[in-house]
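The values are calculated or read from the model by the stated rules, or taken from the named source; none is laboratory data. All values reported here derive from a predicted model rather than from experimental measurement. Note that we place each Cβ from the backbone using ideal geometry, even for glycine, and neighbour counts take in every protein chain shown.
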């Protein structure tokens, strides 16, 4: 199966399953980060869309711990930046129907929470097909170390994701059940 077929199949399953809870146990994320001993956390999240895991709840908890939080803002040519954001700040709707920050302040997360459509045990992911995260990670890993954490439901796991040379691997995948 190619990525497009995988995407279509898993999104249909996710839509049909509409999990009652779209939350990840925050303690699992803290467990991962504790091992890494990251100081001055700048967390990049995403606004949940299309039955994704709710990253906003996680960002709220990081914000309560006085960390800087941010959300992506889409730019031209399938590029994006992360803009500093607070849960009290307004959002606007982008051309994909996804809320994004109005802030002009670009930040460079050292922890990136990434939405996942499908994943495998090798930490490869299928996204929505635009390559936004792959481009962002590739460009910014040169600037600083980024810990990339995919958030997914356990039922989105597949045997093997077909990978291409521009695909960026995740460092961890956290599901509602475990850390991979």
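Quick notes on this structure:
- Total residues in the stretch 1-41, condition free of Cβ contacts under 8 Å to residues at least 40 places away in the same chain and assigned to a loop (DSSP other than H, G, I, E, B): 5
- Some residue of the stretch 105-112 being assigned to a strand (DSSP E or B), within 22 Å of residue 13 (Cα to Cα) and touching a helix residue (DSSP H, G or I) at 6+ places or on another chain (Cβ under 8 Å): no
- Number of the exception - residue 29 against (1) in contact with a helix residue (DSSP H, G or I) (Cβ under 9 Å, 6 or more places away or on another chain); (2) surrounded by fewer than 18 Cβ atoms within 10 Å (Cβ to Cβ); (3) within 15 Å of residue 147 (Cβ to Cβ): (2)
- Residue in the stretch 142-154 that is nearest to residue 49 (Cα to Cα), counting only those that are out of contact with any strand residue (DSSP E or B) (no Cβ under 7 Å at 6 or more places or on another chain), touching a residue at least 24 places away in the same chain (Cβ under 8 Å) and surrounded by fewer than 20 Cβ atoms within 10 Å (Cβ to Cβ): 154
- Check on residue 74, in contact (Cβ under 8 Å) with a residue 40 or more places away in the chain and crowded, with 19+ Cβ neighbours inside 10 Å: no
- Any hit, the stretch 155-167, residues being surrounded by 14 or more Cβ atoms within 10 Å (Cβ to Cβ), under 21 Å from residue 29 (Cβ atoms) and modelled with pLDDT of 95 or more: yes
- Top-ranked residue of the stretch 168-178 - restricted to ones that are surrounded by 14 or more Cβ atoms within 10 Å (Cβ to Cβ) and touching a helix residue (DSSP H, G or I) at 6+ places or on another chain (Cβ under 8 Å), ranked as modelled with the lowest pLDDT: 176
- Just one of the numbered conditions (1) touching a residue at least 24 places away in the same chain (Cβ under 8 Å); (2) closer than 26 Å to residue 178 by Cβ is not true of residue 80: (2).
- Selection status of residue 123, surrounded by fewer than 18 Cβ atoms within 10 Å (Cβ to Cβ) and over 25 Å from residue 64 (Cβ atoms): yes
- Among (1) surrounded by 14 or more Cβ atoms within 10 Å (Cβ to Cβ); (2) at pLDDT below 95, the one test that residue 113 misses: (2)
- If you go through the stretch 97-107 and keep only what is surrounded by fewer than 15 Cβ atoms within 10 Å (Cβ to Cβ) and in contact (Cβ under 8 Å) with a residue 24 or more places away in the chain, you end up with 97, 106.
- Elements of type strands (runs of 3 or more DSSP E) contained in the stretch 53-95, each with 2 or more residues being under 17 Å from the mean Cα position of the chain (by Cα) and modelled with pLDDT of 95 or more: 68-74, 80-85
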